[in-house]
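I have placed the structure first, in the form of structure tokens, so that the comments after it can refer back to it.
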Amino acid sequence: MEIDESLVLLDAHADDAEHAITLAGQLLVQAGRATADYLDAMVRAYHELGPYIVLAPHIAMPHARPENGALREGIAVVRLVEPVPFGHPHNDPVSVVIPLVGVDANAHIAVLRRLSAVLMDDAAVTTILQADDPKTVVKLFNPLQEG
């Protein structure tokens, strides 16, 4: 799973959870990782299934089924300038939205596993919350990348 600076948006403004998911999903679409249908499916899943995607305090990880338009596995990272409520009883409000896409069930699990490894590190989460530029966030997910 590689991420580059085009998949990181810092200090974005979102009016609500749906807007936050849309901002994050648009990065995946623009990078050719998913289709617009995949983005629509992420929003639809949030409305139909609720805030189950808020898997950690202040972090939402929207996703959809591969058949909804997954093109290439990956993630994006959107940090919100102001947190927004997603409706989760314990992990609201959300400050960071990390949409993920996997081309099949195995890829989806692999992306989630790699993402979880980063997010379980408190220092990494702090870095995401305080980063001054996208390159700093990219290095968390691509630790061997030079630059």
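The values are calculated or read from the model by the stated rules, or taken from the named source; none is laboratory data. All values reported here derive from a predicted model rather than from experimental measurement. Positions of Cβ are generated from backbone atoms using ideal geometry, with glycine treated the same way; all protein chains shown enter the neighbour counts. Accessible surface areas use protein heavy atoms only, side chains included; no ligands, DNA or RNA. Shrake-Rupley method; radii C 1.70, N 1.55, O 1.52, S 1.80 Å.
How about region 58-83: which of its residues are out of contact with any strand residue (DSSP E or B) (no Cβ under 9 Å at 6 or more places or on another chain) and either under 21 Å from Arg114 (Cα atoms) or open to solvent by less than 10 Å² (accessible area, probe 1.4 Å) (or both)?
The initial filter retains those residues of region 58-83 that are out of contact with any strand residue (DSSP E or B) (no Cβ under 9 Å at 6 or more places or on another chain), namely 65, 67.
Answer for region 58-83, where residues must be out of contact with any strand residue (DSSP E or B) (no Cβ under 9 Å at 6 or more places or on another chain) and either under 21 Å from Arg114 (Cα atoms) or open to solvent by less than 10 Å² (accessible area, probe 1.4 Å) (or both): just Arg65.
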Looking at Leu7, is it within 20 Å of Leu129 (Cα to Cα), touching a residue at least 60 places away in the same chain (Cβ under 8 Å) and in contact with a strand residue (DSSP E or B) (Cβ under 9 Å, 6 or more places away or on another chain)? yes
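Where residues in region 90-107 are closer than 22 Å to Val29 by Cβ and loosely packed, with under 14 Cβ neighbours inside 10 Å, which of them is modelled with the highest pLDDT? Write out each step before concluding.
Taking region 90-107 first, the residues closer than 22 Å to Val29 by Cβ are 94, 96-105, 107.
Checking the rest, the ones that are also loosely packed, with under 14 Cβ neighbours inside 10 Å come to 104-105.
On the way: Asp104: 89, Ala105: 81.
The selected residue is Asp104.
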Inside region 85-107, can you point out the residues that are farther than 19 Å from Pro51 by Cα and either polar (S, T, N, Q) or under 13 Å from the mean Cα position of the chain (by Cα) (or both)? Gly102, Asn106
What pairs come out if I take residues in region 108-133 that are over 14 Å from Ile3 (Cβ atoms) and open to solvent by 60 Å² or more (accessible area, probe 1.4 Å) and pair them with residues that are small (Gly, Ala, Ser) and outside any helix (DSSP H, G or I) whose C-beta lies under 7 Å away, six or more apart or interchain? Leu129/Ser95
Cβ pairs under 8 Å, 6+ apart or interchain, first in region 25-47 and within 15 Å of Ala76 (Cα to Cα) and among the charged types (D, E, K, R), second open to solvent by 40 Å² or more (accessible area, probe 1.4 Å) and outside any helix (DSSP H, G or I), ordered by first then second residue, are Arg33/Leu71; Arg33/Arg72; Arg33/Glu73
For region 27-57: of the residues being closer than 19 Å to Pro83 by Cβ and open to solvent by 60 Å² or more (accessible area, probe 1.4 Å), which is modelled with the lowest pLDDT? Leu55
